[in-house]
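To start, the structure itself, in structure tokens.
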Amino acid sequence: MLCLVSLFTSSLVQSQETRESGAYYCSQKKSAMSQESFSALKETLTLGPTHTYDVLSYTMSLNVYNSFFSPYPKNFAAKTTILLKVDSTLNSIKLNAINTSLTIDSVRLAGVSFTHTGNILTIQLNRTYNPEEQLQVRVCYHHNNITDGAFNASGGHVFTDAEPEGARHWFPCWDKPSDKAFLDITIKVPATAKCGSNGALLDSIINGDTLTYHWASAQPLATYLMVMTARLNYNLDIVYWHKLSNPADSIPLRFYYNAGESPYYIESILPDMTTYYSQNFIEHPFQKNGFATLNSDFAWGGMENQTLTSLCPGCWYESIVSHEYAHQWFGDMITCATWADIWLNEGFATWMEAFWIEKTGGYSGYINDIHNDASDYIANNPGWAISVPDWAINTPPVGILFNFQITYEKAACALHQVRYLLGDTLFFQMMQAYCADTNLKFKSATTADFNAKVNEVSGANYDWYFADWIYQPNHPVYQNKYNFEDLGTGQWHVNFHASQVQTNSGFFRMILNFRVVFADLTDTTFRVMNDANNQIFTWTFNKTPIHFYFDPNNEIVLKQGTTVLGVSGPEKLEGFHLYQNIPNPVANTTKIVYELKNDCHIHLDIMDISGKIITSPLDENAVQGKHWVNVDCSIFAPGIYYYSMQAGEYRQIQKMIITK
């Protein structure tokens, strides 16, 4: 194993820096893509989110030797062989290929012809192909000497940069994130250059003053994650991470860096970061990994190319690295299926920044970082949803797609709220199941896929959360009220009126947390589902309440508003009363009595202490008067439960204890 003797030299170690978050750097980099470059992506395409073939692999050969020397031309000769499987009967295929960047010299498949107009390469095939057939076309082309942001050459440094849809500038492809394919790439560079790419290094052959690198990926990847990075006299360090599943096996972590830079602190922590991410999600999924700092053509942040992340020059910062490295799980291993699902990449990686802080700073460090994200989002909210379905068809401008407040901060906070809803045990089980799902791992995921995984692992239906918090813009503004009501019999009511007053979006359903402190300084916490605006909740206690707290730990971070003293008692609203169950505690069957002063619809839920609904034994129209219902509690585990009965917008909750 290669060891770096200088790895822990104190004079070279950078500690956690006080800089902007890695998410901010990432957002600024991706949002700064030139408008000229982006405008070429806005052509009207016949290629939507689905197409008639599945690309299996790209085999590329590039000669970029001349691009390393003054005047650093951006033209190079290349050929790309595309292996694809037919999904439906077809006699032609269409590929993305930007006309100003690429000149197509030939297409090789017996009897074919092609046209290249409107940034689309259309290949007329030599016959009609049927579903499940495979075919292979070879496109010979050259990249023109233009600045397009995707292929960069200056000062002896050559690299590509493709997100969101820039791969079509440097090779013909089907340039949408859902169609992942294997990559095999050979690159000719000067003998004094080092060159990195995706996957594993299979070979490097020197022939005179030319060095040919051969890289290949054992896992499929999206076109925007394909990369080549090379520089004359690049520095290269390699450290190794030993697999959790087999400590005798290891993977190389490669660090390409410019003269005068110090990557040693990152080299020292990346194995620990790999272990931490692997333990909490899934074992590191690729055959190698690494980072490469670029030049001033890549001035901001990072780009999470699969197994070789690009960084801005000198940007060996822990915040950037923890964000970009998280993408190897969320963005690379599981890739957003469409740009409407980009939050599954960027929101998750931003959340992972906070989660990395949790490793050393504990939960308080984590939640402080989440609160900072939430505060900045609320202060600078541009007002659209985390996921906009139209983006699956029409790629929005990069300033919208990679907006820091929405795609990064709000999305990270939305994922944190999933953690709040599920609790840590279920949340991390869910995240591990999401990563391990063979229908998603090394493939792509939609927001609906993630929603389904949350439902599957939790055993509950959280469709409401995604509908309100992911697909709806903005956030709730609460104007809640509460009061304490002395019943005169040694019992007290705590009444709570949940009210949202925002006018720029609809109602946000949410499971709410509360804490009540009593005169004897004991306290209790409980949860309820707030699924309609202006709901009234009432709890009965046999001791005096003195303090009431809504969302006491501020876990619902995407919110504004107030909770103040001032709600009316329940008898002034619906004339409804829910009595304490008899007997209580209960071992088998208990009677729940309720009273109505008018006809209405009644719904009864039994909930565990976390607020999860266990059963709903009553859902019917009832007439004025006193009623009761028997509930079989013998099937429940011993513990504390709540029962909640709703009449119209009024809800009252009581606690019961089940024993055996």
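Here, each number is a calculation from the coordinates, and none is a lab measurement. In this text the structure is predicted, and so the values were computed from the model without any measurement. Here the Cβ is made from the backbone with ideal geometry for all residues, glycine too, and neighbour counts use every protein chain on show.
Which peptide among 248-259, 74-85 comes first, and what is the full order, when sorted by highest mean count of other Cβ atoms within 10 Å? Could you put the intermediate results ahead of the total?
Working: 248-259: 16.7, 74-85: 19.1.
Sorting 248-259, 74-85 by mean packing, highest first, produces 74-85, 248-259.
Could you tell me the center-to-center distance, by alpha carbons, between the stretch 241-292 and the stretch 439-453 in angstrom?
Spelled out, the Cα-based centre of one part sits 25 Å from the other.
Where does the charge balance sit around Tyr213 when Lys and Arg score +1, Asp and Glu -1, over other residues with C-beta under 14 Å from its C-beta? Please list the in-between numbers first.
Values: positive: Lys188, Lys194, Arg231, Arg254, Lys288; negative: Asp184, Asp203.
Once positives and negatives cancel, what remains is +3.
Quick one: Debye curve from the alpha-carbon atoms of the chain only, equal weights, vacuum; give me log10 I(q)/I(0) at q = 0.10 Å⁻¹ to two decimals.
-0.93
I'd like the distance between the alpha-carbon centres of the stretch 187-226 and the stretch 100-172, rounded to an integer number of Å.
About 19 Å separates the Cα centre of the stretch 187-226 from the one of the stretch 100-172.
Sorted by average packing, counted as other Cβ atoms within 10 angstrom per residue and highest first, what order do 152-159, 349-356 take? Intermediate results must be reported in sequence, preceding the final value.
Values: 152-159: 21.8, 349-356: 27.4.
Top to bottom by mean Cβ count within 10 Å: 349-356, 152-159.
Which of the lysines could a cross-linker span from Lys194 if the Cα-Cα distance has to be under 17 Å and same-chain partners fewer than 8 positions apart are dropped?
Lys288
Which links in Lys29/Lys180; Lys176/Lys559; Lys559/Lys597; Lys74/Lys443; Lys30/Lys243 stretch past 26 Å when you go from one Cα to the other?
Values: Lys29/Lys180 24 Å; Lys176/Lys559 34 Å; Lys559/Lys597 36 Å; Lys74/Lys443 32 Å; Lys30/Lys243 32 Å.
In this structure, Lys176/Lys559; Lys559/Lys597; Lys74/Lys443; Lys30/Lys243 exceed 26 Å between Cα atoms.
Toward the positive end of the charge dipole of the chain, about the Cα centre and with charges on Cβ (Lys, Arg +1; Asp, Glu -1), which of Tyr65, Leu125, Val457 goes farthest?
Leu125
If I take every Cα pair under 8 Å that is 6 or more residues apart in the stretch 577-658, average their sequence separation and divide by the length, what percent do I get for the relative contact order? If you can, show how the numbers build up before the last one.
On the way: 190 pairs, mean separation 29.6, N = 82.
Once divided by the residue count of the stretch 577-658, the mean separation gives 36 percent.
Suppose a student asked you for the relative contact order of the chain, using Cα pairs under 8 Å spaced at least 6 residues apart; what percent would you report?
It comes to 10 percent, rounded to a whole number.
Indicate, rounded to the nearest 5 percent, the antiparallel portion of the DSSP beta bridges found entirely in the stretch 577-658. Let's see the in-between values first.
On the way: 33 of 34 bridges.
Once the DSSP bridges in the stretch 577-658 are tallied, antiparallel ones form about 95 percent.
At 0.36 nm per residue, minus the direct Cα-Cα distance, what do Thr100 and Trp628 gain on full extension? Give it in nm, one decimal, please. Spell out each step's value before the answer.
Details: separation 528, 0.36 × 528 = 190.08 nm, distance 7.69 nm.
Length gained between Thr100 and Trp628: 182.4 nm.
If you place +1 on the Cβ of every Lys and Arg, -1 on the Cβ of every Asp and Glu, and leave all else neutral, what size is the dipole of the chain about its Cα centre, to the nearest 20 Debye? Display every interim value, and only then the final one.
On the way: 40 positive and 61 negative charges, 128 e Å.
The calculation lands at about 620 debye.
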